[in-house]
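The values are calculated or read from the model by the stated rules, or taken from the named source; none is laboratory data. Nothing here was measured: the structure is a model prediction, and the numbers come from that model. All Cβ positions, glycine included, derive from the backbone under ideal geometry; neighbour counts span all protein chains shown.
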Amino acid sequence: MHQIYQQEENILSRIISMLSMYHCLYLAQLCRLFPEVNNEQLTVLLRKLVRKGRLTLDSATGLVCYTGVKDADSATLSAVWLLLDFYPEITYHTICDYPVTLCFSVSDDCFDVIYVSMGKEQLLNQALSSYKEECPKRLVIVENVAQMSLLSIPGTVGYCTVSATGQVTYYKFKE
């Protein structure tokens, strides 16, 4: 019984850690981040954290947010969907400062995930023009495939779009 309690506390702690870092995630994202817990168990654990005032759970949108966070960041949500495509091979991941949304490591590779909102292409080209080519590699999320021709970010290895349901579509980088 004590071991089950410790396992539960460990998962609760990891959930809080994940939400303190990313602020808001979809329930579906948390399910994929915690594959050792089935959906029903995860929902029970999340409700415990809601009762303790540690997070909020919006049943209508499926958003789980850290306490005090009111609005979800679409760049972060999209970047986490992309991140999940690399699970479980990821060895490290964290949120980053703009213009990089998040970064992660997979075995010997490091990646920056950059989210480009419509109309921000030139700003990001300028902001990232001094970045080196080699490492980390850059994965660029665009809202529309037409944005790709407007971007010139050093070290970009690919582009993608992310649907509202988390479907990631990749596009190969062409010089």
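Figures for the structure shown
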{"read-out": "Filter result for the condition that a residue is within 27 Å of Y26 (Cα to Cα), outside any strand (DSSP E or B) and not aromatic (F, W, Y), over S105, S78, S149", "value": "S78"}
{"read-out": "Set L77, L55, L63, L49: member being over 30 Å from M118 (Cβ atoms), in contact with a Cys (Cβ under 8 Å, 6 or more places away or on another chain) and modelled with pLDDT of 90 or more", "value": "L55"}
{"read-out": "Which numbered condition P88 misses (of (1) under 22 Å from M21 (Cα atoms); (2) in contact with a Cys (Cβ under 7 Å, 6 or more places away or on another chain))", "value": "(2)"}
{"read-out": "When residues of the range 72-101 are limited to those that are touching a residue at least 60 places away in the same chain (Cβ under 8 Å) and under 21 Å from C135 (Cβ atoms), the one surrounded by the most Cβ atoms within 10 Å (Cβ to Cβ)", "value": "A79"}
{"read-out": "Within the range 41-69, tally of residues that are within 20 Å of G166 (Cα to Cα) and assigned to a loop (DSSP other than H, G, I, E, B)", "value": "4"}
{"read-out": "Residue satisfying all of: in the range 1-40; outside any helix (DSSP H, G or I) and buried (at least 17 other Cβ atoms within 10 Å of the Cβ); modelled with the lowest pLDDT among these", "value": "V37"}
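Quick grid of which residues meet (1) at pLDDT below 95; (2) in contact with a helix residue (DSSP H, G or I) (Cβ under 7 Å, 6 or more places away or on another chain); (3) closer than 23 Å to I95 by Cβ:
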residue	(1), (2), (3)
C110	yes, no, yes
L124	yes, no, yes
A127	yes, no, yes
E133	yes, no, no
E143	no, no, yes
V157	yes, no, yes
K174	yes, no, no
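Condition check ((1) among the aliphatic types (A, V, I, L, M); (2) over 20 Å from I141 (Cα atoms); (3) in contact (Cβ under 8 Å) with a residue 12 or more places away in the chain) across all residues:
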| site | (1), (2), (3) |
| --- | --- |
| L12 | yes, yes, yes |
| I16 | yes, yes, yes |
| C24 | no, no, yes |
| K70 | no, yes, no |
